[in-house]
Amino acid sequence: MQQDRCAMKIGTDGVLLGAWTTVNPNSYSILDIGAGTGVISLMLAQRSSAENIEAIELDGDAFEQCTENFENSPWGDRLFCFHAGFDEFVDEYTEEEPEESELYHVIVSNPPFHIEEVASGDNARDTARQNTSLPFNELVEGVSKLLTKDGSFNTIIPFKEETNFLTLAEKFGLFPKRITRVKGNPSNEIKRSLLEFTFSKAKISINELVIEKERHQYTNAYKKLTKDFYLKM
C-alpha cells in the first residue's frame, strides 16, 4: 500500500471499518465513499468474493494513488475508483431511476469527522478531515438512494456524534443493526462508534471494543478482528 500522496494516511479507523463491515456471499456490489488510499476497498476485496467493488475519491492525488493501489493488488480486476464528489456521483447515478440490481449491496464510508474548523497548515489534510467536505446529511441521503433494499451501510464516526447520526439516518429510513463502541484502552473514554444500518428495523446488537491493554499491547478482541490485515501484530 502506497500513501505518500494521500492527505489522510491509513489509520486505525479505516482498518477497523474494513475488518468490521459485514460481507457475505450475497455481497456482490460494494461502494466505498471517500476512499483515500483505497485500504477499505482492498480489505473488503480480500474478505469477499464481490465481483464489483467501486470507490469514490474527490482529491486528485488521492484518487491517483488509490487507483494505483487497486491496480497493484491481487484484486485489481474487481476494483475501480471514480474521481468525483459524492453529490455529483449520486446525481449522475440516480438521474434515471436505477434498477434494484444496479444498486449496491454494501456501502462503506470512513467520513470526514471534524465538525469544527481545523487548521493544520496542510489544506488537503484539513479538507479530508472536515465534514464540511461531506456533510453527514449529504452522506446518509445519498446512501439511502444507492443501497439495495436488503443491503447494509457501514460507517465509523466519533462517539459524540452517535445519537445525532442515528436520528439523521432514521429520517432516511435507515435503522441501526449493529453498534460497536471503541476505546483506545480500558481507562479511556469511548472515542468511536462503528455503525451498521439497514432499511429494516431489528433488535440492535451493541458491544464494546478495546484496542490496547497498554501501549502496543493489543487486546485479543482487536487482534482477532484485524489479524488478517497486519504483517506484524
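The values are calculated or read from the model by the stated rules, or taken from the named source; none is laboratory data. The model shown is predicted, which means the values in this text are computed figures rather than measured ones. All Cβ positions, glycine included, derive from the backbone under ideal geometry; neighbour counts span all protein chains shown.
So that you can scan it fast, the table gives a plain yes or no per residue for (1) over 15 Å from the mean Cα position of the chain (by Cα); (2) of a type outside the set (Ser, Thr, Tyr); (3) at positive phi; (4) at pLDDT 95 or above:
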{"position": "Val118", "(1), (2), (3), (4)": "yes, yes, no, no"}
{"position": "Ala124", "(1), (2), (3), (4)": "yes, yes, no, no"}
{"position": "Leu139", "(1), (2), (3), (4)": "no, yes, no, yes"}
{"position": "Gly142", "(1), (2), (3), (4)": "no, yes, no, yes"}
{"position": "Ser152", "(1), (2), (3), (4)": "no, no, no, yes"}
{"position": "Thr155", "(1), (2), (3), (4)": "no, no, no, yes"}
{"position": "Thr163", "(1), (2), (3), (4)": "yes, no, no, yes"}
{"position": "Leu166", "(1), (2), (3), (4)": "yes, yes, no, yes"}
{"position": "Gly173", "(1), (2), (3), (4)": "yes, yes, yes, yes"}
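Which of the strands (runs of 3 or more DSSP E) found entirely inside segment 140-233 contain at least 1 residues meeting this: of a type in the set (A, V, I, L, M, F, W, C)? Let's see the steps before the verdict.
Working: elements: 147-158, 175-183, 190-198, 205-210, 212-214.
Correct list: 147-158, 175-183, 190-198, 205-210.
The requirement of being surrounded by 12 or more Cβ atoms within 10 Å (Cβ to Cβ), at pLDDT 95 or above, more than 18 Å from Val23 (Cβ to Cβ) and in contact with a Gly (Cβ under 9 Å, 6 or more places away or on another chain) is fulfilled nowhere in segment 181-188; no residue meets it.
Report whether or not Ala55 is of a type in the set (A, V, I, L, M), in contact with an Asp or Glu (Cβ under 6 Å, 6 or more places away or on another chain), at pLDDT 95 or above and buried (at least 19 other Cβ atoms within 10 Å of the Cβ). Judged against the criteria, Ala55 is a match.
Any residue at all in segment 208-216 that's of a type outside the set (A, V, I, L, M) and within 24 Å of Gly38 (Cβ to Cβ)? Let's see the steps before the verdict.
Of the residues in segment 208-216, the ones of a type outside the set (A, V, I, L, M) are 208, 212-216.
From what is left, the residues that are within 24 Å of Gly38 (Cβ to Cβ) are none.
No, that holds for no residue.
Listed here are the residues, each with its yes/no results for (1) among the acidic types (Asp, Glu); (2) within 15 Å of the chain's Cα centre (by Cα); (3) closer than 24 Å to Ser144 by Cα.
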residue	(1), (2), (3)
Ala45	no, yes, yes
Asp59	yes, no, yes
Glu71	yes, no, no
Phe80	no, no, yes
Ala84	no, no, yes
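Report yes if Glu99 is farther than 22 Å from Glu51 by Cβ, modelled with pLDDT under 95 and surrounded by fewer than 15 Cβ atoms within 10 Å (Cβ to Cβ), otherwise no.
Details: farther than 22 Å from Glu51 by Cβ: no; modelled with pLDDT under 95: yes; surrounded by fewer than 15 Cβ atoms within 10 Å (Cβ to Cβ): yes.
Taking the combined requirement at face value, the residue does not satisfy it.
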